[in-house]
Ligand code: AMP
Ligand code: MG
């Protein structure tokens with residue numbers, strides 16, 4: 001298990017762990033793109049547009065005049081009828097500010113963000129969203145209840161990114177077994193990564209890792225041979241979450257990059273290990289969906305490296321190391337929270353089937369974690 005301090009040391013920018021041993025695996029060559037597309041669940045999952053993630057909540061949309069270059073513009077929130085404040089000068093000011101922001105060039109946006117001491121990295125749409133969120137927050141005099149609604153509902157977010165056994169082209173029915181269980185803990189109030197957990201896991205059905213898997217993940221045969229099996233690791237995960245009083249004192253949820261971590265890897269692993277699927281992992285935030293909806297990025301463009309790139313961030317660490325992946329996903333989540341995205345649960349597993357969570361569902365934290373139980 002890593003403490004954050006020990007971790008910081010291992011993630012020095014020039015540390016050897018940062019060198020991608022599996023060169024070429026990040027490129028757009030076919031097997032990987034296919035894998036990404038499947039992970040994304042693009043073909044199987046109905047789009048779950050969450051208005052709160054689109055940054056406009058439940059307000060009707062109006063189009064502002066386009067920028068001079070004729071490119072498309074973001075819709076601007078119209079006055080919220082639920083407030084019954086159609087003539088509220090604050091909303092008019094926000095609409096005017098948004099219109100102005102839509103007409104700004106990338107350099108103007110960066111200069112303004114710099115002046116306001118805000119992050120200046122990212123593509124133009126990201127910069128626009130950041131500046132609009134800033135003005136919206138500034139201009140709205142929020143009641144405590146409204147402030148609660150615009151922030152995220154959760155006190156903590158646990159970013160999970162499993163690594164699993166694999167072959168170069170996994171057959172559809174491949175029995176993936178989890179070989180790394182990492183968690184990166186985000187405090188949504190301080191907007192910091194506050195802790196992390198990592199353990200390797202010994203696979204039981206296919207104890208021998210393929211050369212491809214070792215090269216992809218950097219996880220060696222010895223690492224998994226020396227590790228415990230999944231039920232014991234899951235028990236330690238539960239203790240770790242309980243120590244942090246998640247689900248009891250603090251509201252929390254899980255967050256993943258795509259749908260597969262829970263709907264595929266954890267689901268298969270629980271079946272193999274004869275465990276009931278844990279209740280605390282039934283709902284989660286799929287950050288790809290949240291990101292696509294919030295920054296208006298097509299779902300085909302939300303793989304980890306693209307999300308980082310659009311925010312002006314670089315991958316830190318080693319791609320496909322579960323803990324490094326989770327830390328980079330956490331960096332994206334933090335930026336989204338800073339940019340005003342409330343990050344709400346948007347997927348869940350119901351009777352083994354992946355389903356979207358409607359944005360109208362009331363926000364709900366994950367239940368307190370309990371020790372794994374057998375299936376019967
Ligand atoms: P990731 O979170 O992208 O590192 O992927 C999680 C797991 O998905 C890996 O540990 C592999 O089991 C599987 N996986 C990811 N990319 C590939 C790929 N290109 N080919 C085969 N399996 C992969
Ligand atoms: Mg990973």
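The values are calculated or read from the model by the stated rules, or taken from the named source; none is laboratory data. These numbers were taken from a predicted model, which means no experiment stands behind them. Counting neighbours? That spans all protein chains shown, and the Cβs are built from the backbone with ideal geometry, glycine included.
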Go through the range 297-322 and count every residue that is surrounded by fewer than 16 Cβ atoms within 10 Å (Cβ to Cβ) and modelled with pLDDT under 95. 3
Unmet requirement for residue 257, which otherwise passes all of (1) under 25 Å from residue 195 (Cα atoms); (2) away from ligand 1 (no atom under 13 Å from the Cβ); (3) in contact with a helix residue (DSSP H, G or I) (Cβ under 6 Å, 6 or more places away or on another chain): (2)
The number of residues in the range 220-235 that are out of contact with any helix residue (DSSP H, G or I) (no Cβ under 6 Å at 6 or more places or on another chain) and in contact (Cβ under 8 Å) with a residue 60 or more places away in the chain is 2
Taking residue 240 and the conditions (1) within 23 Å of residue 335 (Cβ to Cβ); (2) in contact (Cβ under 8 Å) with a residue 24 or more places away in the chain; (3) more than 16 Å from ligand 2 (Cβ to nearest atom); (4) buried (at least 19 other Cβ atoms within 10 Å of the Cβ), which numbered condition does it fall short on, given that it satisfies the others? (1)
Every residue in the range 154-208 that is within 11 Å of ligand 1 (Cβ to nearest atom), within 14 Å of the chain's Cα centre (by Cα) and surrounded by fewer than 22 Cβ atoms within 10 Å (Cβ to Cβ), please. none
In this structure, is residue 290 farther than 20 Å from residue 170 by Cβ and either in contact with a helix residue (DSSP H, G or I) (Cβ under 8 Å, 6 or more places away or on another chain) or assigned to a helix (DSSP H, G or I) (or both)? yes
